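Trainee: Attaching a single structure in structure tokens format; questions to follow.
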């Protein structure tokens, strides 16, 4: 069937963080939300139908994860990513960020250093600091309009500091890089050399554009398979974030046993009924929807790039290789990062995720969520254009 991604779905009064949370978060209900990383698109029809059928049953007791649930996950990753996962490797968690926090608790002690690569998804630093661990930064390098890993700095940091854990973002949020097999292999080999456990957040792995290929960290070698934990979820792929279902892949029996104990201690091993139903249906029947979604997202990315190149040459777009998030360099506007935040909210009246929350390396940048109807994206860009024109006229 053909899905209509141009449809503008009214998400107001649905308890949406992205839409209903605007007034509370920004203090102005007229602000257009292009921030929180969920889509404005309806989930695939087979997912909606499966949830309706389950709702009609009317009994919502404690829910187990069935053989069909596990097989749907295994089949999806084998088909889409040529990655063979065994059932025993799969552990459930309500969300990837929850998993990251519990993984930090499981494999490190208070005061330990955990390495990340800013600018990067801001909860990475939160789950480290709020668990009384210390963030160690290996900043990405901005070269020729895209981010690259700084392996020389990585080696220096690992030489100088005792590091137990490294959290990788692949595909990268906010920069949209889909790390190459060669980059990941070099990174993995360095971590193996220094005995650093890798947690790879691969939640955006299915959202990759033509010409690029996602490489699961575990597919690079058997040694890395045993030294890596991968966090996955259907939430970004199929717009199911509110159903709180993530799957954490841990091949090492020793590492898996340790994390299972943490999950048991937190009493979060049970599955949300609708999360389980939606996960299975999405992985079984959602591929047609995903392919059309990717086509539409690519169109939105192309539209944004063309708009900015033609009408807002003060800005520079980092063309994403994956995700539905676009990283924009706004430094030529001559605003401090706090002034930029105030400008986009009060003058442009558009909610973006301001770059500084991803680390000091993100100051002067902003992140735009393009997973919306093109008409909404166009409205947001027009608002930004008008505000920039007024800014320059008043200088």
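Trainee: Can you tell me which residue among 6, 38 is in contact with a helix residue (DSSP H, G or I) (Cβ under 7 Å, 6 or more places away or on another chain), in a loop (DSSP other than H, G, I, E, B) and assigned by TED's automatic domain parsing to the domain that holds residue 381?
Mentor: Within the list 6, 38, the selection yields 38.
Trainee: Among the residues of segment 168-180, is there at least one that is over 20 Å from residue 367 (Cβ atoms), in contact with a helix residue (DSSP H, G or I) (Cβ under 9 Å, 6 or more places away or on another chain) and modelled with pLDDT of 95 or more?
Mentor: no
Trainee: Within segment 53-106, can you find the residues that are out of contact with any helix residue (DSSP H, G or I) (no Cβ under 7 Å at 6 or more places or on another chain) and within 17 Å of residue 167 (Cβ to Cβ)?
Mentor: Of everything in segment 53-106, those that are out of contact with any helix residue (DSSP H, G or I) (no Cβ under 7 Å at 6 or more places or on another chain) and within 17 Å of residue 167 (Cβ to Cβ) turn out to be 95, 96, 98, 99.
Trainee: Let me ask something additional. Condition first: in a helix (DSSP H, G or I) and buried (at least 18 other Cβ atoms within 10 Å of the Cβ). Now tell me which residues in segment 75-97 satisfy that.
Mentor: Within segment 75-97, 76, 77, 81, 89, 96, 97 meet the criteria.
Trainee: Looking at (1) under 28 Å from residue 164 (Cβ atoms); (2) in contact (Cβ under 8 Å) with a residue 24 or more places away in the chain; (3) in contact with a strand residue (DSSP E or B) (Cβ under 7 Å, 6 or more places away or on another chain), which is the only condition residue 26 fails?
Mentor: Condition not satisfied by residue 26: (1).
Trainee: Return a yes/no flag: does segment 116-137 have any residue that is within 14 Å of residue 172 (Cβ to Cβ), touching a residue at least 24 places away in the same chain (Cβ under 8 Å), part of a strand (DSSP E or B) and not assigned by TED's automatic domain parsing to the domain that holds residue 325.
Mentor: Taking every residue of segment 116-137 in turn, at least one turns out to be within 14 Å of residue 172 (Cβ to Cβ), touching a residue at least 24 places away in the same chain (Cβ under 8 Å), part of a strand (DSSP E or B) and not assigned by TED's automatic domain parsing to the domain that holds residue 325.
Trainee: Pairs needed: first member in segment 361-386, in the same structural domain as residue 297 (by TED's automatic domain parsing); second member anywhere, surrounded by fewer than 19 Cβ atoms within 10 Å (Cβ to Cβ) and in a strand (DSSP E or B); C-beta distance under 7 Å; at least 6 residues apart or different chains.
Mentor: 364/329; 365/329
Residue-wise test of (1) surrounded by fewer than 23 Cβ atoms within 10 Å (Cβ to Cβ); (2) within 30 Å of residue 70 (Cβ to Cβ).
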residue	(1), (2)
283	no, yes
311	yes, no
347	yes, no
351	no, no
359	yes, no
369	no, no
379	yes, no
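Trainee: Follow-up question, since we're still on this one. Taking segment 116-138 as the region of interest, how many residues are over 18 Å from the mean Cα position of the chain (by Cα) and either surrounded by 15 or more Cβ atoms within 10 Å (Cβ to Cβ) or farther than 27 Å from residue 369 by Cβ (or both)?
Mentor: Qualifying residue count for the region: 8.
Trainee: Just to be sure before I move on: is residue 313 assigned to a loop (DSSP other than H, G, I, E, B) and in contact with a strand residue (DSSP E or B) (Cβ under 8 Å, 6 or more places away or on another chain) in the structure I sent?
Mentor: No.
Trainee: Return yes or no: is residue 320 buried (at least 20 other Cβ atoms within 10 Å of the Cβ) and either in a helix (DSSP H, G or I) or touching a helix residue (DSSP H, G or I) at 6+ places or on another chain (Cβ under 9 Å) (or both)?
Mentor: yes
Trainee: Scan segment 251-269 and tell me whether some residue there is assigned to a loop (DSSP other than H, G, I, E, B), without any contact (Cβ under 8 Å) to a residue 12 or more places away in the chain and over 20 Å from residue 74 (Cα atoms).
Mentor: Yes: segment 251-269 contains one or more residues that are assigned to a loop (DSSP other than H, G, I, E, B), without any contact (Cβ under 8 Å) to a residue 12 or more places away in the chain and over 20 Å from residue 74 (Cα atoms).
The values are calculated or read from the model by the stated rules, or taken from the named source; none is laboratory data. What you see is a predicted model, and the numbers here were worked out from it, not measured in a lab. Cβ: placed from backbone, ideal geometry, glycine included. Neighbour counts: every protein chain shown.
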